[in-house]
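Below: the structure, in structure tokens.
The values are calculated or read from the model by the stated rules, or taken from the named source; none is laboratory data. Computed from a predicted structure; not experimentally measured. With ideal geometry, Cβ positions are generated from the backbone for all residues, glycine too; neighbour counts draw on all protein chains shown. Protein only, heavy atoms only, side chains kept; ligands, DNA and RNA dropped before computing areas. Shrake-Rupley method; radii C 1.70, N 1.55, O 1.52, S 1.80 Å.
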Amino acid sequence: MDYKQKVTGSAAGFVLLSDLVPGIVQEIRYYSTYNFIGDRIDGYEEPVALLTKEAARALKAASNQAMVSGYRLKIFDAYRPANAVRHFVLWGIEDLDLRMKPFFYPDLEKAELFEQGYIASMSSHSRGSTVDLTLLDMATGKELDMGSPFDYFSELSHPDSKDVTPEQHRNRMFLQDLMVRNGFEPIDCEWWHFTLKNEPYPDTYFEFPVSRESLKK
């Protein structure tokens with residue numbers, strides 16, 4: 001696959017997720033420094049979630065169903081620019097900084113993060129229909145206990161891990177069932193990661209910044 005031929009800067013098919021799902025909670029980790037690198041990631045100009053219109057509509061349906069059951073969706077990441085992914089790759093190859101290792105990948109070396117599929121050199125997030133999320137209990141305001149935090153790169157984060165409690169496994173399966181019912185597909189190494197099954201741009205990777213301004217161009 002020719003990476004350069006697949007990258008585009010047009011945000012014409014994207015929306016601001018909070019416009020379609022006003023009650024959604026957002027904690028966009030790659031805009032902050034609390035992530036596995038420890039710096040704000042290239043391309044994240046605002047702490048907002050952008051998605052393709054199709055993925056946003058499907059997520060709205062999932063959000064409505066979650067709220068009926070007493071939960072709200074909490075988004076950690078959605079559309080991720082291609083240059084953000086390059087930031088990840090260069091960090092993996094060149095950067096010797098390991099300051100976030102105890103928090104996000106305590107048992108793995110950097111190269112293993114790529115070898116085991118936790119970080120991809122071309123991410124489905126850059127196609128605009130992938131989301132990383134969890135559930136908040138509306139009664140307590142707290143995240144459901146999933147047995148591992150977002151971006152914890154370990155077999156413990158595999159959805160079917162045998163090292164979590166029955167309650168933690170039920171919480172993971174509740175989230176997975178909710179997302180699958182609304183047209184998303186899970187992956188086998190991260191309980192928080194879902195991609196719209198019928199994504200509108202399966203072969204296109206985008207590189208416009210994560211910001212409201214990108215949607216105005």
Q. Residue by residue through segment 143-149, which ³J(HN,Hα) values in whole Hz follow from phi under the Karplus form 6.51 cos²θ - 1.76 cosθ + 1.60 (θ = phi - 60°), with glycine and proline marked x?
A. 5, 5, 6, 9, x, 7, x
Q: For every helix of n ≥ 4 consecutive DSSP H residues, a contribution of -39,500 (n - 2.57) applies; sum these over the chain, divide by its total residues, and give [θ] at 222 nm rounded to the nearest 500 deg cm²/dmol.
A: -8000 deg cm²/dmol
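Taking the inverse of the average 1/r across all pairs of different Cα atoms in segment 86-173, what Kirkwood radius in Å do you get? Please report the intermediate quantities before stating the final value.
Numbers: mean 1/r = 0.0675 Å⁻¹.
So the Kirkwood estimate lands at 14.8 Å.
For the chain, with all protein chains present and a 1.4 Å probe, just round the carbon and sulfur fraction of the accessible area to a whole percent.
Values: 5050 of 10250 Å².
With neighbouring chains kept in place, the figure for the chain is 49 percent.
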Q.
Please list, ordered by chain and number, the residues whose modelled amide H lies under 5 Å from the amide H of Val7; skip anything fewer than 5 residues away on the same chain.
A. Tyr205
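Of Lys53/Lys101; Lys6/Lys217; Lys60/Lys110, which pairs sit farther than 27 Å apart, going by alpha carbon to alpha carbon?
Details: Lys53/Lys101 35 Å; Lys6/Lys217 20 Å; Lys60/Lys110 35 Å.
From Lys53/Lys101; Lys6/Lys217; Lys60/Lys110, over 27 Å: Lys53/Lys101; Lys60/Lys110.
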Q: Taking only protein heavy atoms into account and a 1.4 Å probe, give the accessible area per residue of segment 1-127 in Å².
A: 46 Å²
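Order Lys217, Lys60, Lys101, most accessible first, counting only protein heavy atoms with a 1.4 angstrom probe. Could you put the intermediate results ahead of the total?
Working: Lys217 185, Lys60 90, Lys101 40 Å².
Largest accessible area first, the residues go Lys217, Lys60, Lys101.
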Q) For segment 38-81, what D do you get in µm² per second when you plug the Kirkwood radius from alpha-carbon pairs into Stokes-Einstein at 37 °C and 0.692 mPa s? A) 272 µm²/s
(Q) If you build the convex hull over the alpha carbons only and average its shadow over all orientations, what do you get for segment 127-196? Give it in nm² to one decimal. (A) 4.9 nm²
Q: Give the residue from Val48, Phe104, Val89 lying farthest towards the positive end of the charge dipole for segment 1-117; charges sit on Cβ (+1 for Lys and Arg, -1 for Asp and Glu) and the dipole is referred to the Cα centre.
A: Val48
Q.
Please state the shape class of the chain: rounded when a/c is under 1.5, otherwise prolate if a/b exceeds b/c and oblate if not, all from the C-alpha gyration tensor.
A. oblate
